[in-house]
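One structure below.
The values are calculated or read from the model by the stated rules, or taken from the named source; none is laboratory data. Source: prediction; values computed, not measured. Virtual Cβ from ideal backbone geometry, glycine too; neighbours counted across all protein chains shown. For the accessible areas, the whole protein counts, side chains as well, though only heavy atoms, and no ligand, DNA or RNA atoms are used. Shrake-Rupley method; radii C 1.70, N 1.55, O 1.52, S 1.80 Å.
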Amino acid sequence: MTVGRETSIRPLRTRPLWAFVALGAAGAVLAAGRLVYSGEFLDWWVGGGLLAALVGVVFLHAVTLEVGADAYGVRYGSLVRRRRSLPWADIADLRVHIQYGRHGEEYFRVGVLLRDGRTRRLPLPLSVSRDDRPDFDARLDELRALHRRHGTPESDHLAVISRRTAGRGAAAPLLLCVLLLAGAGLAAWLVPVTGATKDAWDSAAPCAAGAPSADREGCLTSLPAVIARTEVNGGKGPSRLYFADGRPVDRVTVSREGARGFRAGDRVELTLWRGQVRVVAGEHHVWREHFTSAGSVAVLAAGLALAAGYPGARVLLRRRGRRLPDDEVLPSALPFAGVLVVTALWLLPLCYLHPMGLPASPGALAWAAAGTLGTLGLLAAAWRATRIRTPAPVPAPVAAPGESGTANEHGHRHGHGGAGDSDSGEDVFLAARFLESTDYNPNHFGTHVVFGGGPPAVVPHPGPGRFAARPIPVHRLTVTGVRRPRGGDGDGVPRGWHVAELDDAGEAVRLAAAPADLARIVRVLGGVSASADAAPSEA
């Protein structure tokens, strides 16, 4: 079989990239000419030219990047980077990866799932704006069509991997958790050191007259001095006091407020402890060095440990959902964040008051025991709240409201599945969203579904009243399944909702709502649909 190229993907906008390539080439020429002329490698012009040349190489890679696909497989590379190939036989599936920018921008890329479980991301096609999406979708369809023709895809479903789905890697939250725990451990190690230093300073007494210099490290020594000048730094830099003739020291780093309290020529008294100036006392102002207490460091250690709990919870949820499909949305870790906040309310004050360990007093022990029990209870509740709820099976079509359970002589279908919801006489508003733009949900305007006092309809508000309501054509809709949310449903669908897949006269439509609300809406739509089906038989 001849292997011919069937599709080729190149960057959409290359003109700006070529401008940077030309800039890099000019930089390379400048660096080479300057080097030949001066013979000095350490030159600003040479360095700038080499930097511009490096930038040009990067943009040369971007402008000559190409992804091709044919009967053999997928190939990608550029003039700068060697070409790589992936045979269709080794590709299990194609998927979409959503990357996020610093300001929430979404970038779409194509990922290749290999049969050994590894994932490769293709450099092209790439969508960085709404204008790029049509071309991105068209190129993706071409690649999927080639995969179906020459390979064996594992499924026809296109998986979309976002930051909320199970297929997203856990390396970033795991690394953050480890770093925070390392900081907490370091702070905890410093608690006794800081406490001992603070206690030694608080208990230090003036040195005895005639004490040798070796014994003056642990006591307080007072010396007179004259301030020569002050240096007040208005930014984040340190402020300093300089002393006349550099005696007893040349300068002392103080706070900005401390430097503002002194003037050149002020006579002050310096207090030295452990070889450093700790107090500068003048006639109108006194500066004292701040010694961090053990309680403050213990609070820092506990705070870092609690902060590590949130990325740790995210790693736990990903581990918990490891058997889910890669594009299914995981539960939110916010319930665990609530546990951490409540824990901080009782743990941080306890660490501040008792940094070296709990005393034997009944009050402190009761405080710690009550807080621990409360945290354990909240942890159990958070674990239950973040469990993965499997959607209930789609209920069978029910009969029209108000009819009995068996067919009568006119052929009516009877049941009570939707009577309580659709025949209550009062409108019921439930938060629900049709994810497709349809004639009854134009431009995705609907946020709620209303039923009860009239036919089911889509409304852009939670009521009361049916202002701007669009009736739902229930006679066209058939529920084909209910599932958990996926990455392709978008970030607008809350994690705890479920999605009903509907057939709207041959068009696929998705309806998202909370599990209980979705079951209620599906039950109502089924009841109304059954009633509409039974209406012709009454004649």
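What to note about this one:
Yes/no per residue for (1) in contact with a Cys (Cβ under 8 Å, 6 or more places away or on another chain); (2) touching a residue at least 12 places away in the same chain (Cβ under 8 Å); (3) within 30 Å of Ala500 (Cα to Cα):
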position: Ala301; (1), (2), (3): yes, yes, no
position: Ala305; (1), (2), (3): no, yes, no
position: Ala308; (1), (2), (3): yes, yes, no
position: Gly312; (1), (2), (3): yes, yes, no
position: Leu317; (1), (2), (3): no, yes, yes
position: Cys351; (1), (2), (3): no, yes, no
position: Ala368; (1), (2), (3): no, yes, no
position: Arg384; (1), (2), (3): no, no, yes
position: Arg387; (1), (2), (3): no, yes, yes
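- Here Met1 meets the list (1) more than 30 Å from Ala71 (Cα to Cα); (2) at pLDDT below 80; (3) aliphatic (A, V, I, L, M) almost entirely, failing just condition (1).
- Here the range 269-288 is the region considered, the condition is being touching an Asp or Glu at 6+ places or on another chain (Cβ under 6 Å) and under 23 Å from Ala214 (Cβ atoms), and the residue that is surrounded by the most Cβ atoms within 10 Å (Cβ to Cβ) is Arg278.
- Close pairs from the range 197-223: first over 21 Å from Val249 (Cα atoms), partner part of a helix (DSSP H, G or I), Cβ under 8 Å, at least 6 apart: Lys198/Ala294
- Residue that is under 28 Å from the mean Cα position of the chain (by Cα), open to solvent by 40 Å² or more (accessible area, probe 1.4 Å) and at pLDDT 90 or above, where the choices are Ala385, Ala431: Ala385
- Strands (runs of 3 or more DSSP E) wholly inside the range 190-268 containing at least 3 residues that are open to solvent by less than 60 Å² (accessible area, probe 1.4 Å) and either among the hydroxyl-bearing types (Ser, Thr, Tyr) or out of contact with any His (no Cβ under 8 Å at 6 or more places or on another chain) (or both): 221-231, 239-243
- Some residue of the range 509-523 being farther than 17 Å from Phe429 by Cα, open to solvent by 40 Å² or more (accessible area, probe 1.4 Å) and modelled with pLDDT of 90 or more: yes
- Residue under evaluation Ala62, criteria (1) assigned to a strand (DSSP E or B); (2) within 15 Å of Leu124 (Cα to Cα), criterion not met: (1)
- Scanning the range 453-499 for residues that are buried (at least 18 other Cβ atoms within 10 Å of the Cβ) and farther than 27 Å from Glu328 by Cα returns Pro456, Ala457, Val459, Ala469, Arg470, Ile472, Val474.
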